[in-house]
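Undergrad: Once you've had a glance at the structure underneath, I'll fire off some questions.
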Amino acid sequence: MTGDGTRAVRAGLPEPVAYEPSLPGPVFAAHYHLPGEPVGPYTYGRDENPTWTRLEEAIGELESPGTAAETVVFPSGMGAVSAVLLSQVRSGDAVVLPSDGYQALPLVRERLEAYGVEVRTAPTAGDAQLRVLDGAKLLWIETPSNPGLDVCDIRRLAGAAHAAGALVAVDNTLATPLGQRPLDLGADFSVASGTKALTGHGDVLLGYVCCRDPERAAAVRKWRKTAGAVTGPMEAWLAHRSLATLQLRVDRQAVTALALAEALRERPEVTGLRHPGLPDDPAHPVAAAQMRAGRFGCVVSFTLPGRAHAERFLAALRLVDEATSFGGVRSTAERRGRWGGDAVPEGFIRFSVGVEDTDDLLTDVLRALDEAAGPTAQG
Ligand SMILES: *Cc1c(COP(=O)(O)O)cnc(C)c1O
């Protein structure tokens, strides 16, 4: 089997055709020529699009190399998350969610409960979801979790969930398929926001669901047709184009994120430092066993002594944009508490490392920390 970088540059490309581009441009079509019986592959634009098909094949090759899997793309990560949860469970079922998952997950919880689904939650750390699996229909895992960066053992949780008769979905946003392959670890669905590191340029919203069981994939596809929120061909094409540099980006980001975490560890004003690549991080043993090739992601989380200190730090950064989201080529950081959705201290910073030169980024961060600390702390 080829290496990750080789697979990433070729993923989803059609066989070469003389005088055609290697990645054909976006196909803009609401409907297709359709004489006679209305059978596909391409009939109507809400159901299928050739630009989606190529992107879906590409993502499938990265999430499940060597084993057939189907991918369904969505116009955002939440589109994909909702599609799995709302297509696979029905009234009377029980679902297990992480209590520390992505901040919009509680909105899905509200919807599930309104439809008569019982929702249980437990934290990601320590595989605590194991204790609430009894009788559940679906277990939702997010590892590493956003923004707390806790990690759980996918293989262990999936084994227990399957033994209890539950399906398993993993939110693979932070790791990307080059950093973690949930389907190989036993999950039924690998779900992600492609808005983050997968596409990596901060200019596209995207989501996807990847699974090996054709019937389950068909149910997700039917949900997409029913809900009718579909990806624009331009976005799908931009996403596919971005996959070619995925390995370069995630490798550079992982190296710099670890270097940043190591530099932050030396700072007295930094507490609660988390990065799964740090050898003494509580998440490291499980992360090292289930994540791939040292790719522990681009996010580093830490806490500064209070809101004002954190705001001074963010304002002093020059190479880092104050913005939400993560995984982009340009570093970003934010005071996560400003959104109000996560259980984090006021001075909690979620830092997303871009692909700048490592030394430049570290210099900028350390200078901003000095400025935020003020003259007394520096002296
Ligand atoms: C951003 C994010 C989502 C939602 O993705 P959107 O593309 O913003 O809809 C879901 N899960 C995780 C872990 C995320 O970080």
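Undergrad: Search the stretch 345-361 for residues being more than 16 Å from Val255 (Cβ to Cβ) and crowded, with 21+ Cβ neighbours inside 10 Å, and hand back the single one that is farthest from the chain's Cα centre (by Cα). Don't jump to the end; show me each part of the working.
TA: Let us first name the residues in the stretch 345-361 that are more than 16 Å from Val255 (Cβ to Cβ), namely 345-350.
From what's left, crowded, with 21+ Cβ neighbours inside 10 Å: 347-350.
On the way: Gly347: 24, Phe348: 20, Ile349: 19, Arg350: 15 Å.
Of everything passing the filter in the stretch 345-361, Gly347 is farthest from the chain's Cα centre (by Cα).
Undergrad: Another question, then. I'm trying to understand the selection: among the residues of the stretch 172-197, which are more than 16 Å from the ligand (Cβ to nearest atom) and at positive phi?
TA: Scanning the stretch 172-197 gives a single hit, Gly186.
Let's see how each residue does on (1) surrounded by fewer than 19 Cβ atoms within 10 Å (Cβ to Cβ); (2) touching a helix residue (DSSP H, G or I) at 6+ places or on another chain (Cβ under 6 Å):
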site	(1), (2)
Trp223	no, yes
Leu238	yes, no
Val250	no, no
Ala254	no, no
Ala259	yes, yes
Thr271	yes, no
Pro282	yes, no
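Undergrad: Right, another one. Which is within 16 Å of the ligand (Cβ to nearest atom) and either within 16 Å of Met291 (Cα to Cα) or not acidic (Asp, Glu) (or both), of Leu246, Leu238?
TA: One residue alone meets the criteria, Leu238.
Undergrad: Mind telling me which of the residues Arg212, Arg156 ends up being away from the ligand (no atom under 12 Å from the Cβ) and either within 17 Å of Val96 (Cβ to Cβ) or crowded, with 24+ Cβ neighbours inside 10 Å (or both)? Even if it seems obvious, please write down each step before you answer.
TA: Working: Arg212 fails: either within 17 Å of Val96 (Cβ to Cβ) or crowded, with 24+ Cβ neighbours inside 10 Å (or both).
Exactly one of Arg212, Arg156 is away from the ligand (no atom under 12 Å from the Cβ) and either within 17 Å of Val96 (Cβ to Cβ) or crowded, with 24+ Cβ neighbours inside 10 Å (or both), namely Arg156.
Undergrad: If only one of Ala169, Ala125 is among the hydrophobic types (A, V, I, L, M, F, W, C) and more than 12 Å from the ligand (Cβ to nearest atom), which one is it?
TA: Details: Ala169 fails: more than 12 Å from the ligand (Cβ to nearest atom).
Answer to the check: Ala125.
Undergrad: Just to be sure before I move on: is Gly40 farther than 15 Å from Gly232 by Cα, free of Cβ contacts under 8 Å to residues at least 12 places away in the same chain and either in contact with a helix residue (DSSP H, G or I) (Cβ under 6 Å, 6 or more places away or on another chain) or small (Gly, Ala, Ser) (or both) in the structure I sent?
TA: Details: farther than 15 Å from Gly232 by Cα: yes; free of Cβ contacts under 8 Å to residues at least 12 places away in the same chain: yes; either in contact with a helix residue (DSSP H, G or I) (Cβ under 6 Å, 6 or more places away or on another chain) or small (Gly, Ala, Ser) (or both): yes.
Judged against the criteria, Gly40 is a match.
Undergrad: From the list Val108, Val84, exactly one residue is in contact (Cβ under 8 Å) with a residue 24 or more places away in the chain, in contact with a Cys (Cβ under 9 Å, 6 or more places away or on another chain) and part of a helix (DSSP H, G or I). Which is it? Even if it seems obvious, please write down each step before you answer.
TA: Values: Val108 fails: in contact with a Cys (Cβ under 9 Å, 6 or more places away or on another chain).
Step by step, each of Val108, Val84 is checked, and only Val84 is in contact (Cβ under 8 Å) with a residue 24 or more places away in the chain, in contact with a Cys (Cβ under 9 Å, 6 or more places away or on another chain) and part of a helix (DSSP H, G or I).
Undergrad: OK, next. Let me spell it out: the conditions are (1) in contact with a Leu (Cβ under 9 Å, 6 or more places away or on another chain); (2) more than 16 Å from the ligand (Cβ to nearest atom), and Pro106 meets all of them except one. Which number is the exception?
TA: The one condition Pro106 does not meet is (2).
Bear in mind these aren't lab numbers, they're just calculated from the coordinates by the rules spelled out. Just so we're clear, the structure is a prediction, and the values are computed from it rather than from any experiment. With ideal geometry, Cβ positions are generated from the backbone for all residues, glycine too; neighbour counts draw on all protein chains shown.
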